[in-house]
Structure formats: structure tokens, C-alpha cells
Amino acid sequence: MLREVSIEDIWDGRFYSRNDAVHIGCHDCEGCSACCRNTGDSIILDPLDMYCLTIWTHKQFKDMIEKEIEIREVDGMILPNIMEHDESHPEKPDGCPFLNSDGRCGIYQFRPGFCRLFPLGRYYVDPTAGAAAPPEPSVPSSASSDGSASSPSSVPLSGEDEKHRGFYYFVQDGECALPDDGKYDVKVSDWLGVENAEQYEKFIVTWHFFLKDTSARLKRYPKPAREPIARSILQIFFVQPYDRFHDFYPQFEERLASVRRQLSRL
Ligand code: SF4
Ligand code: SF4
């Protein structure tokens, strides 16, 4: 979820990279499911989430739409998010449809990136937009995985691309329901629990800036002209089934190249 808020209002004053230790460990959320119950439309899916959902549920986009997922406009793009109300099971209380009766995530291994990240957030840096420097943190150091202190300005930019676009991790202050004194340090990459964190971060950066650049570009067109393009992007990255027997990233790159070719003709 892209939040239009000042970072100073929601962060703990430190930036982290995937190799840093961060004080958010919560014993696998044992006994708590607070952040899975009031999701609203905040869990916006990316193409990797869609791929993972299709693997886990054996369903495609068309089988899940208006049951577990819905679409909405996000900054001119049309993107799917997890529904808070489970239309397939109206008897269930509101909350994520993948939350099981034990209060545990029913798709934990394949949960969306947003859920993997929480309560971390990402602070994106885009030198091409003149926003290279992060705000000065109020806390002057961040703990690295070996326990030594490192200056926030020396925290490596995660997922950095050829334009030096990337992001830093930060903790969204006060978002997790568990008190801080019950938590312990975990390495960011372990918290995310993805197979290849470096490749994953590159994908995150590529997808984030693809959406941002395309959204900015589409704003130059009147709504009737840009909506079919936004729908076509939804179709290519989400509706068109992925091959679950092959790796996600080459499939994503192929689709991205095709969409970029189409957009370059506009
Ligand atoms: S609020 Fe915190 S402890 Fe509770 S489920 Fe979410 S991440 Fe886990
Ligand atoms: S997908 Fe899993 S972790 Fe994410 S909100 Fe739903 S139940 Fe919680």
C-alpha cells in the first residue's frame, strides 16, 4: 500500500537493509491476528503475489475475483487487492478470507508481499525525481546483523536498479499490536522469508517504478483513453494465468518487456 503520509510520522527513525537485524520478532504472531482482521482494501497484490496465490489455491484470477480478491483504481492503475469480506463464505466474520478458524494465515507459505513485510515498510528513493536523500533520522545509528552500529546513510539501498532507484526498509512505528518488550531481533531477509531476497528486491523496485512511471504517463491522457490501457496492464500481469510449473521471474520479465513495447507506441 502506498501511503501518502510523512515518513517522520510513521517510522522509528532508522533505515535497514535486508542483512540488518530489526526488533520485530513476534514468535510467528502466536495468539495474534490483529493485522489480518482489519485489512480493508490495503493488501494490494503484485504479480508475484498473484503467481503465488494461483500456486497455493489452484485458482486463477477469474476464479478469485469478487470472492477473495477485488480490483480498484490506485493512482490511475487498476490493481487487485485482497477483500476483507469473504464472499465465498458470508458466514465468516469480516477479515482476510485466508485467515483460518484458528486465527492463522491459511496461505502462510505463499502470503502476499505486503503481509511478509508488515510491520516493516519501504521508503523508496528515486534520484531521477530529485529525491535521492532520505530524511535525516532522529536516531543516529541502526543496528546491523552483527550487532555493530552503522550510519543510516551507509545502509545499502535495496533492490537498486541502473538508475539508482531503490528503497530502504523501516519499521512502521506502533503498527504491530504486540508490545515492543515482547519482541526480539530478526534479520530482515529472514522476516521476509522469500527464497532469493536479492532477486525479490529487484522485482519489487522494478514493479514499483513501473507502476509509478506508467501512472505518471497515463495522467497525460483523458480518463476514457487511459482506462483501457490500465485494464490491459491488469490483464497482462494478473488475469492472464502464470505457468505454475515454471519460475515466476522470467515470466514477469517477458510480460514487462511486452507491455513496455506497447506503451512505447503510445
Ligand atoms: S499485529 Fe503484529 S503480532 Fe499481531 S498478527 Fe500482525 S504482525 Fe503478528
Ligand atoms: S494473507 Fe495471511 S497474512 Fe495476509 S492478511 Fe490474509 S491471513 Fe493475514
**OP:** Kindly indicate which of ARG217, ARG231, ARG226 is over 14 Å from PRO47 (Cβ atoms), among the charged types (D, E, K, R), crowded, with 17+ Cβ neighbours inside 10 Å and in contact (Cβ under 8 Å) with a residue 24 or more places away in the chain.
**Re:** ARG226
**OP:** Considering only residues that are away from ligand 1 (no atom under 16 Å from the Cβ) and among the hydroxyl-bearing types (Ser, Thr, Tyr), look in region 8-34 and name the one that is surrounded by the most Cβ atoms within 10 Å (Cβ to Cβ).
**Re:** TYR16
Subject >> Checklist (1) modelled with pLDDT under 90; (2) surrounded by fewer than 16 Cβ atoms within 10 Å (Cβ to Cβ); (3) within 16 Å of ligand 1 (Cβ to nearest atom) applied to SER42, failing item >> reply: (1)
Subject >> region 119-143, residues that are aliphatic (A, V, I, L, M), at pLDDT 90 or above and closer than 22 Å to LYS183 by Cα >> reply: LEU120
Original post:
For region 234-260, how many residues meet the condition of being in contact (Cβ under 8 Å) with a residue 24 or more places away in the chain, part of a helix (DSSP H, G or I) and closer than 20 Å to GLU70 by Cβ?
Top reply: 4
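Taking region 175-189 on its own, how many of its residues are in contact (Cβ under 8 Å) with a residue 60 or more places away in the chain and either outside any strand (DSSP E or B) or within 16 Å of ligand 2 (Cβ to nearest atom) (or both)?
Applying the first criterion (in contact (Cβ under 8 Å) with a residue 60 or more places away in the chain) to region 175-189 yields 175-178, 180, 182-189.
With either outside any strand (DSSP E or B) or within 16 Å of ligand 2 (Cβ to nearest atom) (or both) added as a condition, the list becomes 175-178, 180, 182-183, 188-189.
Final tally of qualifying residues: 9.
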Original post:
Residue check, ASN100 against (1) farther than 25 Å from LEU211 by Cβ; (2) under 16 Å from the mean Cα position of the chain (by Cα), all met but one. Which one?
Top reply: (2)
Subject >> Cβ-Cβ under 7 Å pairs, at least 6 apart or on other chains, region 30-50 side assigned to a loop (DSSP other than H, G, I, E, B), far side among the small types (Gly, Ala, Ser) and within 11 Å of ligand 1 (Cβ to nearest atom) >> reply: CYS32/ALA177; SER33/GLY103
**OP:** All but one of (1) more than 16 Å from ligand 1 (Cβ to nearest atom); (2) farther than 24 Å from SER189 by Cα; (3) under 19 Å from the mean Cα position of the chain (by Cα) hold for ARG37, so report the exception by its number.
**Re:** (1)
Original post:
Is there any pair linking a residue in region 103-130 that is within 11 Å of LEU192 (Cα to Cα) to one that is within 8 Å of ligand 2 (Cβ to nearest atom) and assigned to a helix (DSSP H, G or I), with Cβ under 6 Å and at least six apart or on different chains, and which?
Top reply: PHE118/CYS35
Original post:
Of the numbered conditions (1) polar (S, T, N, Q); (2) surrounded by 18 or more Cβ atoms within 10 Å (Cβ to Cβ); (3) in a loop (DSSP other than H, G, I, E, B), ASN81 satisfies every one except a single condition; which is it?
Top reply: (3)
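Residues in region 11-29: is at least one at negative phi and without any contact (Cβ under 8 Å) to a residue 60 or more places away in the chain?
No; the residues of region 11-29 include none that is at negative phi and without any contact (Cβ under 8 Å) to a residue 60 or more places away in the chain.
At pLDDT 90 or above and away from ligand 2 (no atom under 11 Å from the Cβ), is that true of ASP63?
Details: at pLDDT 90 or above: yes; away from ligand 2 (no atom under 11 Å from the Cβ): yes.
The answer is yes for ASP63.
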Original post:
For region 79-118, how many residues are modelled with pLDDT of 85 or more, more than 8 Å from ligand 2 (Cβ to nearest atom) and of a type in the set (Gly, Ala, Ser)?
Top reply: 3
Original post:
ILE69: in contact (Cβ under 8 Å) with a residue 40 or more places away in the chain, among the hydrophobic types (A, V, I, L, M, F, W, C) and surrounded by 19 or more Cβ atoms within 10 Å (Cβ to Cβ), yes or no?
Top reply: no
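The values are calculated or read from the model by the stated rules, or taken from the named source; none is laboratory data. Please read all numbers here as calculations on a predicted model, not as lab measurements. Heads up, the Cβs are rebuilt from the backbone with ideal geometry, glycines too, and the neighbour counts pull from every protein chain shown.
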